[in-house]
1. Scan LYS151, LYS135 and give me the residue that is open to solvent by 60 Å² or more (accessible area, probe 1.4 Å), of a type in the set (D, E, K, R), over 30 Å from GLU53 (Cα atoms) and free of Cβ contacts under 8 Å to residues at least 60 places away in the same chain.
2. Does SER215 satisfy the criteria of being more than 32 Å from the chain's Cα centre (by Cα), open to solvent by 40 Å² or more (accessible area, probe 1.4 Å) and either small (Gly, Ala, Ser) or under 30 Å from MET34 (Cα atoms) (or both)?
3. Among the helices (runs of 4 or more DSSP H) contained in region 61-121, which hold 1 or more residues that are of a type in the set (D, E, K, R) and surrounded by fewer than 22 Cβ atoms within 10 Å (Cβ to Cβ)?
4. Is there a residue being closer than 27 Å to ILE148 by Cβ, surrounded by fewer than 16 Cβ atoms within 10 Å (Cβ to Cβ) and of a type outside the set (Asp, Glu) anywhere in region 22-34?
5. Could we say that LEU247 is out of contact with any Leu (no Cβ under 6 Å at 6 or more places or on another chain), farther than 30 Å from GLY125 by Cβ, modelled with pLDDT of 85 or more and in a strand (DSSP E or B) here?
6. Can we say LEU189 is over 30 Å from PHE74 (Cβ atoms) and either in contact with a Gly (Cβ under 9 Å, 6 or more places away or on another chain) or open to solvent by less than 90 Å² (accessible area, probe 1.4 Å) (or both)?
7. Somewhere in region 196-207, is a residue free of Cβ contacts under 8 Å to residues at least 40 places away in the same chain, assigned to a helix (DSSP H, G or I) and either open to solvent by less than 30 Å² (accessible area, probe 1.4 Å) or of a type in the set (S, T, N, Q) (or both)?
Amino acid sequence: MNLLNKRSRVVDAALIIVGTLIMGLGIKCIYDQMGMVTGGFSGIAIIARKLTETLLPGGVPLGVTNLILNIPVFILAYKIKGKQFIGKTILATVFLSVWLSVLPDWDLSQGDFVLSAIFGGAIAGVGMGLVLLAKATTGGTDMVAAIIQHKMKHYSIVQIMQVIDGAVVVIGCYIFGLKAALYAIVAILITTKVSDAIMEGMKYSKGVYIISEHSHEIAKEIFKQLDRGVTGLAAKGMYSGNEKCMLYCVVSKKQIVELKDLVNGIDPKAFVIVSDVREVLGEGFIEYKED
């Protein structure tokens with residue numbers, strides 16, 4: 001193993017440890033406090049804790065339930081998908097279970113569903129994003145969905161996950177009430193958005209199509225003033241039948257205003273289409289790195 005690969009594994013392990021800690025805070029100190037079941041094995045663990053409170057003081061610990069549920073899933077996943085499939089997910093699952101067991105019962109919810117949904121979703125999203133950056137998951141329903149999809153290939157993993165998590169949320173609604181379930185759905189949406197932002201580094205860019213009679217002059221100024229590459233695409237106006245050169249370039253969010261001003265200064269009649277670009281790999285943007 002070379003030094004670079006070794007360092008990469010250390011970074012991944014650190015991301016998993018910190019990410020699962022943050023997720024644990026959101027689950028135990030916010031969701032569990034408010035009875036917000038957001039799906040997954042963590043949601044089942046919250047339900048199990050509530051149902052066993054009369055049998056065991058404080059109910060079954062969240063970490064214990066999470067670990068117990070994941071053990072048979074990992075065994076099946078190993079037999080069906082192989083060792084490579086589970087990989088770092090074992091580490092993430094173990095650490096999440098540990099954090100859920102050792103973290104104190106701090107009530108960070110303040111008894112407020114709105115704050116719980118917003119901050120719980122944001123906290124869980126940051127944690128999940130860090131784990132995903134390490135190319136791992138925390139096991140749970142995504143592993144179950146992958147196993148089911150192995151036998152039911154006409155359904156996607158995402159579709160199966162939605163059904164499973166939806167069922168968990170419905171059970172949570174029955175146990176904790178409709179209000180908690182509705183806010184749990186809000187928290188799920190926030191978690192997804194935040195984890196996506198963490199994964200993409202929040203480096204959104206803008207893709208711009210420019211149709212103008214002065215395309216060569218505009219391209220020259222983009223090179224000069226914005227230091228961005230431009231691609232000329234052959235285009236034909238279907239109404240006029242005229243052949244044109246349509247420009248396409250990608251710029252940062254900060255440069256989009258400058259680009260529009262530049263185009264307008266050269267050709268006020270130019271047709272400009274601006275769209276969001278979620279991820280750009282290459283010179284001047286995100287450097288592509290192989291594992």
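The values are calculated or read from the model by the stated rules, or taken from the named source; none is laboratory data. Note that this is a predicted model, so its numbers are computed, not measured. Every residue, glycine among them, receives a Cβ derived from its backbone with ideal geometry; neighbour counts consider all protein chains shown. Ligands, DNA and RNA are excluded from the accessible area calculation, which covers all protein heavy atoms including side chains. Shrake-Rupley method; radii C 1.70, N 1.55, O 1.52, S 1.80 Å.
1. Answer to the check: LYS151.
2. Taking the combined requirement at face value, the residue does not satisfy it.
3. 62-81, 83-86
4. No, that holds for no residue.
5. In short, yes.
6. For LEU189, the condition - over 30 Å from PHE74 (Cβ atoms) and either in contact with a Gly (Cβ under 9 Å, 6 or more places away or on another chain) or open to solvent by less than 90 Å² (accessible area, probe 1.4 Å) (or both) - is not met.
7. Looking for residues that are free of Cβ contacts under 8 Å to residues at least 40 places away in the same chain, assigned to a helix (DSSP H, G or I) and either open to solvent by less than 30 Å² (accessible area, probe 1.4 Å) or of a type in the set (S, T, N, Q) (or both), one finds none in region 196-207, hence no.
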